[in-house]
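These notes concern the structure reproduced below.
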Amino acid sequence: MICKNIQLQNSGSFKIGVITSLKEKNTFSETDRFGFAYCQIVNWQPELWSLINPQKMRKEADSKGITVTSFWAGYSGPVKWNFTEGPSTIGLVPPEYRESRINTLIKGAEFASDFGAEAIVTHAGFIPENCKSPLYGETVEAVAKIAGACRKLGIGFWFETGQETPVTLLRLIEDVGLPNLGINLDPANLIMYGKANPVDALDTFGKYIKSVHVKDGLYPTTGTSLGPEVKPGTGKVDFNKLIYRLTDLNFSGVYIIEREISGMEQEKDIKDTILFLNRIIKQK
């Protein structure tokens, strides 16, 4: 069991949470197991959203003292996590899946709003660096539709970092121009996709960061496959520098632990990550 709010010296409350999967029953099992007060709910099955009572789920969270920070909303259609098929399958960029995914993410926003999440989070895809590309303009329009719907519902639309460079993501946020846009910083993704050093990326888009994934990874070593994800503290993310740079930026969101494996090794790595974060905090 960890302390639900760990005090950083001279920097307020350091909040830690965990990824938890949306289920018809026991959605908060991961949160309960580790004693967290915060979580980010993730789901890639839109058909499940109509089967779950969001108000009932909110009551369960409240009874457990859990804050759901955001809803990571997936979408239908193929998704290939690599450099060869990813650009044509991930997110809102591929034209053949775009309209369906716009509608799905708006439904996800409605679901998130009903249970009181602050925002929805998703991957927008391999956003073109060429802002004159027709795909770029179409992606801006797609994001504007979803973010506009989120704004009417009183929630945010946050991009998870990964497939795009920090400058490209910043440009997209500026071009859409809505005040409810934000970033769910996944520092490992920036490395695994070979897009940026996450600490340096804060100079570009730091003011938009609303949530952070505590995830680590290595740089890609081929032109086809992402770099591997590894346990936090064993990869290329300098969490010491990252956390205190975020503190300098007055980041007040939640650090969400994510380890994309399963079973006992995942549980052990999450426990190790809690200790790893505590060590960083105590050193300062």
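The values are calculated or read from the model by the stated rules, or taken from the named source; none is laboratory data. Everything numeric in this text was worked out from a predicted model, so none of it was measured. We place every Cβ from the backbone using ideal geometry, glycine too, and count neighbours over all the protein chains shown.
Please determine whether any residue of the range 191-200 is more than 22 Å from Ser88 (Cβ to Cβ), modelled with pLDDT of 95 or more and among the polar types (S, T, N, Q).
Filtering the range 191-200 down to residues more than 22 Å from Ser88 (Cβ to Cβ) leaves 191, 196-200.
Retained after the next criterion (residues that are modelled with pLDDT of 95 or more): 191, 196-200.
Remaining after also requiring among the polar types (S, T, N, Q): 197.
Scanning the range 191-200, I find at least one residue that is more than 22 Å from Ser88 (Cβ to Cβ), modelled with pLDDT of 95 or more and among the polar types (S, T, N, Q), so the answer is yes.
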Failed condition for Thr204, given (1) in a helix (DSSP H, G or I); (2) of a type in the set (Ser, Thr, Tyr); (3) free of Cβ contacts under 8 Å to residues at least 24 places away in the same chain = (3)
Kindly list the number of the only condition in (1) surrounded by 21 or more Cβ atoms within 10 Å (Cβ to Cβ); (2) farther than 23 Å from Gly156 by Cα; (3) of a type in the set (A, V, I, L, M, F, W, C); (4) in contact with an Asp or Glu (Cβ under 9 Å, 6 or more places away or on another chain) that fails for Leu242.
-> (4)
Just give me the residues in the range 162-175 being crowded, with 20+ Cβ neighbours inside 10 Å, in contact with a Lys or Arg (Cβ under 8 Å, 6 or more places away or on another chain) and not small (Gly, Ala, Ser), in sequence order.
-> Gln163, Glu164, Pro166
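Just wondering, is there one or more residues in the range 57-72 that are over 30 Å from Thr222 (Cβ atoms) and part of a loop (DSSP other than H, G, I, E, B)?
Filtering the range 57-72 for residues over 30 Å from Thr222 (Cβ atoms) gives 57-71.
Narrowing the set further to residues that are part of a loop (DSSP other than H, G, I, E, B) leaves 65-66.
The answer is yes, given that some residue of the range 57-72 is over 30 Å from Thr222 (Cβ atoms) and part of a loop (DSSP other than H, G, I, E, B).
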Check whether at least one residue in the range 212-220 is part of a helix (DSSP H, G or I), over 23 Å from Ser70 (Cβ atoms) and in contact (Cβ under 8 Å) with a residue 60 or more places away in the chain, and report yes or no.
-> no
Would it be correct to say that Tyr219 is hydroxyl-bearing (Ser, Thr, Tyr), surrounded by 22 or more Cβ atoms within 10 Å (Cβ to Cβ) and more than 20 Å from Glu118 (Cβ to Cβ)?
-> no
Which numbered condition Asn26 misses (of (1) outside any helix (DSSP H, G or I); (2) out of contact with any Asp or Glu (no Cβ under 9 Å at 6 or more places or on another chain); (3) not acidic (Asp, Glu)) | (2)
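Within the range 189-232, track down each residue that is of a type in the set (Asp, Glu) and within 29 Å of Met264 (Cα to Cα).
Of the range 189-232, the ones of a type in the set (Asp, Glu) are 200, 203, 216, 229.
If the condition is that a residue be of a type in the set (Asp, Glu) and within 29 Å of Met264 (Cα to Cα), then Asp216, Glu229 are the ones that fit.
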Within the range 240-272, how many residues turn out to be part of a helix (DSSP H, G or I) and free of Cβ contacts under 8 Å to residues at least 12 places away in the same chain?
-> 6
Would you confirm whether any residue within the range 117-129 is among the aromatic types (Phe, Trp, Tyr), modelled with pLDDT of 95 or more and either assigned to a loop (DSSP other than H, G, I, E, B) or surrounded by fewer than 23 Cβ atoms within 10 Å (Cβ to Cβ) (or both)?
-> yes
